[in-house]
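Enquirer: I have a structure here, written as structure tokens, and I will follow up with some questions on it.
The values are calculated or read from the model by the stated rules, or taken from the named source; none is laboratory data. Please read all numbers here as calculations on a predicted model, not as lab measurements. Here the Cβ is made from the backbone with ideal geometry for all residues, glycine too, and neighbour counts use every protein chain on show.
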Amino acid sequence: MSVHLSDSLLAVLSRATRAVAFTGAGISAESGVPTFRGADGLWNKLKPEELASMDAFMKNPALVWEWYVHRKTIMAAIVPNEGHRALVRMERHFAEFAVVTQNIDNLHRRAGSTRVMELHGNIERNYCMQCGKACPDVAVVTDRGIPTCPACGGRIRPDVVWFGEMLPDDEWEAAVRATERAEIFFSIGTSGVVYPAASLPLMARQAGAYVVEINPDPTPLTPRADEFLRGPAGMLLPAICEELEQCRQKRGR
Ligand code: BJW
Ligand code: ZN
């Protein structure tokens, strides 16, 4: 599939050595993971705060767990798509390449990306809210209801970041460092409304990166990006990758 890329994007692609791919739920949509917002969004019937917050969990842990077990089941059954795979190919052409993801589905690692920063946690992990011990997934999924810690009896929760919670320090700091160093920054499949993650493309732009947004629909970032490529990530990322490979071949690298 060939896609027309602007001369300025081609110029940056041919010379850049440091890149960041910042991803959201949209990159996993083509694998069958529902997005959070929009027509087919996960949150259509329920407000995010009703499920993804400590308040919600304290009020109704069984409901929150039912939702996570449902999503764990979806995510265990799906596989990375062309978009995830294109980012793995892209990594080879940059001296520094980081995937900074808001997704908890582990699909970037499963696809083979080697430098992945997970800003909102990972649905494959759980931990005890009382003693902090990690709890394997199988115990959670087979337990149904509200899983408890075999060591101390405390409540187990998924290792994800809910509204009102801090992002993991190490992942956030690494993401900011990579963003500030990037010459090209791709914002892929995110509505860009959840902070602080949504500040990364703006930080990249401020630090001098060429910011490319990939999304079938415009977002609050669109007027501030250097380039908006409208369409699904599973189609656009492989096309960008082909152009990148051609640029590098021409330059003999
Ligand atoms: C395609 C496609 C295809 C479709 N190809 N694209 C007021 C102002 C500013 C900030 C705040 C505020 N009030 C509160 C806050 C802070 C709050 C926040 O940002 N709220 C806003 C919503 C208002 N943020 C937080 O609380 C964060 N923590 C924090 O700030 O800590 C500091 C602090 C601590 C204590 C007190 C105060 C401050 C934490 C945020 C955690 C977010 N967690 C979630 C759930 C994770 C766990 C789980 O999954 O269960 O993370 S919410 C949810 O949204 C999830 C996502 O990672 C995140 C972003 O969503 P994303 O990925 O952008 O998905 P969508 O669905 O929104 O968009 C999909 C896009 O894909 C769309 O654009 C489609 O068009 C596109 N698409 N198909 C490419 N094929
Ligand atoms: Zn415990």
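Enquirer: Take residue 222 and tell me if it is within 23 Å of residue 36 (Cα to Cα), of a type outside the set (Phe, Trp, Tyr) and surrounded by fewer than 21 Cβ atoms within 10 Å (Cβ to Cβ). So that I can check it myself, show each step before the final result.
Expert: Numbers: within 23 Å of residue 36 (Cα to Cα): yes; of a type outside the set (Phe, Trp, Tyr): yes; surrounded by fewer than 21 Cβ atoms within 10 Å (Cβ to Cβ): yes.
Yes: the conditions hold for residue 222.
Results for (1) closer than 30 Å to residue 95 by Cα; (2) at pLDDT below 85; (3) buried (at least 21 other Cβ atoms within 10 Å of the Cβ), shown as yes or no for each residue.
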site: 6; (1), (2), (3): yes, no, no
site: 12; (1), (2), (3): yes, no, no
site: 20; (1), (2), (3): yes, no, yes
site: 28; (1), (2), (3): yes, no, yes
site: 44; (1), (2), (3): no, yes, no
site: 48; (1), (2), (3): no, yes, no
site: 53; (1), (2), (3): no, no, no
site: 59; (1), (2), (3): no, no, no
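Enquirer: What about residue 208, is it more than 17 Å from residue 84 (Cβ to Cβ), in the same structural domain as residue 88 (by TED's automatic domain parsing) and either aromatic (Phe, Trp, Tyr) or at pLDDT below 95 (or both)?
Expert: Answer is no for this residue.
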